[in-house]
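Step one of this worksheet: look at the structure below.
The values are calculated or read from the model by the stated rules, or taken from the named source; none is laboratory data. Small disclaimer: the values here were computed from a predicted structure and weren't measured. Cβ placement follows ideal geometry from the backbone for every residue including glycine, while neighbour counts extend to all protein chains displayed. SASA here: full protein model, heavy atoms, side chains in, ligands and nucleic acids out. Shrake-Rupley method; radii C 1.70, N 1.55, O 1.52, S 1.80 Å.
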Amino acid sequence: MKHRIVVLGAGYSGAVAAGRLAARLYRDEVSITLVNGETDFVERVRMHELATGRDLKPRPLEQVYAGTGVELKIAKVTGVDVERKTVALDSGELEYDTLVYALGSGWNSQGVPGADEHAHQIASRPGALRLRERLASLQAGQTVTVVGGGLTGVEFVTELAESRPDLDVALVVRGALGDWLSPKGRRHLRKVADRLGITVHENTAVARVDADQVVTGDGTSIPAAVTVWTAGFAVHPIVRETALEVSDTGRIVVDKTMRSVSHPDVYAIGDAAYAMGSKNKPLRMSCASGQPMAWQAADSIAARLTGGKLPHAPLAYFNQCISLGRKNGLIQYVTSDDRAVNATLSGRVAAVYKELICKGAAWGVENPMTGLPVRRHHVVSQPVPLPEWTS
């Protein structure tokens, strides 16, 4: 009987893991089923572009996996039973021997009153398309207020200000603008924001979102014909209903091979996984983390099934790539555990760099072995347990 591998989610992590497993294992010995709610691979790192009017290249998953042996199932996951080793879908049920959980994350309203009802989000393609339609209806001089000064907020607000200079664009941040960046990076970000005419409300907490305004903690009203919420992400609550060990934020706790610490037949990757990177610091939710986690999980699963050697590639950061509109960008170099150093690349060159990174991430989905030669290995009848590694 074939070993049944089920991968949930075809974002940057799940899509790469499914393809990489198919490349490493013989299809007459394993079955690989990839479950996803949409028929296309969605470039989530480009949702700010989609929302502001840019059309993205369609990437049908059927084409991505044609001839690979991966079975694509378009369905919504409604539950996971890790004791019965089943996945509930809106179209039925799947059994698995090994599960790869890669359902990612969605927007997080942080419990702020009115955010769910009145704010738009770009954490998904449907959300970005709804926002796109709403923005297209705005007249010159109307205000769009973006809440959240992280990577998503910064990329969206600069993209919007550049593409719609007729609008009044504001950004509300809890701390200082770009406070996670180096001094050099912060200076460039502020220069771009000033040039684009973005009004920045720093050290400002949002207490309430209304249909036409954002109300701050001190009672100040900030006009908002449209409010865009980018203040963090949250994983789907589905895993909290399972017996899997999760973090306080609901992410699945995994070891350095991306294997659940409580259920060894479950792997978690991408935003849904609570994994430690360099210097024992949790990896942040990002594409930069997601694809290396997928490589780690797929290679670990293949090694355990075939009696091979577990991968020892460390998960470490090198830089943060930030688009600041179509013609500007910022590359912030960081330590292995993601702390900014005072070295950056900015301007047009950085914009080109970021675009290449985005294209490379999409290319990686279609080329999960990154162009390197691959050798398949046979599944052994009784895999010998492999020792864990901790370095």
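Some points to look at:
- Residues located in segment 317-332, provided they are free of Cβ contacts under 8 Å to residues at least 24 places away in the same chain and of a type outside the set (Val, Ile, Thr): Phe318, Asn319
- Among the residues of segment 322-346, those identified as in contact with a His (Cβ under 7 Å, 6 or more places away or on another chain) and either at pLDDT below 95 or polar (S, T, N, Q) (or both) are Thr344, Ser346.
- Residue count, segment 278-310 (criterion: within 21 Å of His378 (Cβ to Cβ), in a loop (DSSP other than H, G, I, E, B) and either open to solvent by less than 20 Å² (accessible area, probe 1.4 Å) or acidic (Asp, Glu) (or both)): 1
- Of all residues in segment 57-76 being part of a strand (DSSP E or B) and in contact with a Gly (Cβ under 8 Å, 6 or more places away or on another chain), the one that is least open to solvent (accessible area, probe 1.4 Å): Val70
- Counted residues, segment 189-215 - those being among the aliphatic types (A, V, I, L, M), over 17 Å from Gly178 (Cβ atoms) and outside any strand (DSSP E or B): 2
- Residue count, segment 1-15 (criterion: surrounded by 24 or more Cβ atoms within 10 Å (Cβ to Cβ) and either of a type in the set (A, V, I, L, M) or in a helix (DSSP H, G or I) (or both)): 9
Conditions tested, residue by residue: (1) basic (Lys, Arg); (2) open to solvent by 10 Å² or more (accessible area, probe 1.4 Å); (3) under 22 Å from Glu202 (Cβ atoms).
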site	(1), (2), (3)
Ser105	no, yes, no
Glu117	no, yes, no
Arg125	yes, yes, no
Ala128	no, no, no
Arg134	yes, yes, no
Val146	no, no, yes
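- Here Val30, Val45 are screened, and the one residue that is touching a Lys or Arg at 6+ places or on another chain (Cβ under 7 Å) and either of a type in the set (S, T, N, Q) or surrounded by 20 or more Cβ atoms within 10 Å (Cβ to Cβ) (or both) is Val30.
- Of all the residues in segment 159-171, those that are outside any loop (DSSP other than H, G, I, E, B), open to solvent by 50 Å² or more (accessible area, probe 1.4 Å) and of a type in the set (Asp, Glu) number 2.
- Boolean, Ala18 is aliphatic (A, V, I, L, M), at pLDDT 95 or above and under 19 Å from the mean Cα position of the chain (by Cα): yes
- Any hit, segment 347-360, residues being part of a loop (DSSP other than H, G, I, E, B), surrounded by 11 or more Cβ atoms within 10 Å (Cβ to Cβ) and at pLDDT 90 or above: yes
- A Cβ distance below 8 Å, combined with a sequence gap of six or more or placement on separate chains, defines the contacts here; from segment 157-184, residues that are on the phi > 0 side of the Ramachandran plot and modelled with pLDDT of 95 or more reach residues that are in a helix (DSSP H, G or I) and not small (Gly, Ala, Ser) in the pairs Gly178/Val154; Gly178/Arg186; Gly178/Leu189; Gly178/Arg190.
- Residues within segment 206-215 that are within 28 Å of the chain's Cα centre (by Cα) and open to solvent by 40 Å² or more (accessible area, probe 1.4 Å), tallied: 2
- Complete set of residues in segment 220-267 that are among the small types (Gly, Ala, Ser) and within 30 Å of Arg130 (Cα to Cα): Ser221, Ala224, Ala225, Ala231, Gly232, Ala234, Gly250
- Taking segment 89-103 as the range and being out of contact with any His (no Cβ under 9 Å at 6 or more places or on another chain) and either under 28 Å from Thr257 (Cβ atoms) or open to solvent by less than 30 Å² (accessible area, probe 1.4 Å) (or both) as the test, the residues that pass are Leu89, Glu93, Leu94, Glu95, Tyr96, Val100, Tyr101, Ala102.
- Within segment 172-204, considering residues that are polar (S, T, N, Q) and more than 20 Å from Arg326 (Cα to Cα), the one surrounded by the most Cβ atoms within 10 Å (Cβ to Cβ): Thr204
- Elements of the type strands (runs of 3 or more DSSP E) sitting completely within segment 216-277 and holding at least 1 residues that are open to solvent by 20 Å² or more (accessible area, probe 1.4 Å) and aromatic (Phe, Trp, Tyr): these cover 233-235.
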